[in-house]
């Protein structure tokens with residue numbers, strides 16, 4: 001009974017927070033309510049889909065969250081040219097969608113965090129794949145590539161930006177398609193933020209603001225495309241070394257303790 005009351009209170013708090021954020025959105029952007037509602041609604045839908053659908057693939061979910069943040073930065077860069085607020089509605093919509101999609105609202109688990117069923121490993125310990133995971137990763141990869149292309153058109157459609165997008169997609173694909181050991185891979189991933197900062201400086205100096213966004217979107221799209229099997233019986237499975245036999249738990253051996261008895265000598 002106490003658990004039900006606690007979960008009901010959690011739902012009330014979350015619903016009140018959503019209502020508060022919507023009120024803040026209307027208050028701040030009432031002069032551009034129609035235009036801002038487009039970005040707000042789109043962000044809500046994307047966040048709900050990320051938590052309810054894309055979260056079936058941990059890698060696609062992580063990449064999607066980074067892409068949502070990149071969208072906020074990109075909208076900050078282009079909203080002056082659009083003439084309507086875009087970044088603020090997107091940010092508020094993402095929070096609303098995360099709350100709405102990240103928790104269960106009905107049923108026996110109402111009020112708890114929404115979680116996907118645990119993936120079952122195969123007999124050899126590797127993760128299973130399937131058409132659904134392939135579709136999720138494929139669609140997310142194509143959407144990221146499309147957003148990167150749209151960013152080129154809206155920000156700075158130059159040949160340099162196009163080359164950066166192509167190289168970043170190819171680099172992300174190669175890094176996860178022909179993946180080195182995990183330690184080396186993790187070190188190479190540091191190139192992504194370093195490249196972002198470097199291209200942001202170069203883009204600011206040469207008036208090519210699309211360079212860092214083309215780099216980031218391209219790498220994320222390449223990671224999703226290169227890290228999966230797309231044909232054959234392994235369709236949808238992650239590629240090694242990100243998918244392999246799980247670690248077996250070692251059984252503890254309970255050895256018999258030997259007690260040494262020492263003879264006490266009296267003086």
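Where a number appears in this text, it was derived from the coordinates with a stated rule and is not lab data. Every value quoted in this text rests on a predicted model; they were computed, and no experiment measured them. Cβ sites come from the backbone with ideal geometry, for glycine too, and all protein chains shown count toward neighbours.
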Just check the range 34-176 against the gyration tensor rule for me: Cα atoms, a ≥ b ≥ c as the square roots of the eigenvalues, rounded for a/c under 1.5, and otherwise prolate or oblate depending on whether a/b exceeds b/c. oblate
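Rg to Rh for the range 127-243: what is it, with Cα atoms only and Rh by Kirkwood? Could you put the intermediate results ahead of the total?
Values: Rg = 15.1 Å, Rh = 14.7 Å.
Using Cα coordinates only, the ratio equals 1.03.
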Once fully extended, how much extra length lies between residue 116 and residue 206, figured as 0.36 nm per residue of separation less the alpha-carbon to alpha-carbon distance? 27.9 nm
By average Cβ neighbour count within 10 Å, what is the ranking of 202-212, 27-37 from highest down? 202-212, 27-37
Inter-site label distance for residue 185 and residue 132 at 7 Å from Cα along Cβ, in nm: 2.4 nm
Taking R0 as 22 Å, what's the FRET efficiency between residue 27 and residue 95 from their Cβ-Cβ distance, rounded to 0.05? 0.90
Classified through the alpha carbon gyration tensor (a ≥ b ≥ c as square roots of its eigenvalues; rounded if a/c is under 1.5, else prolate when a/b is larger than b/c, else oblate), the range 1-116 comes out oblate
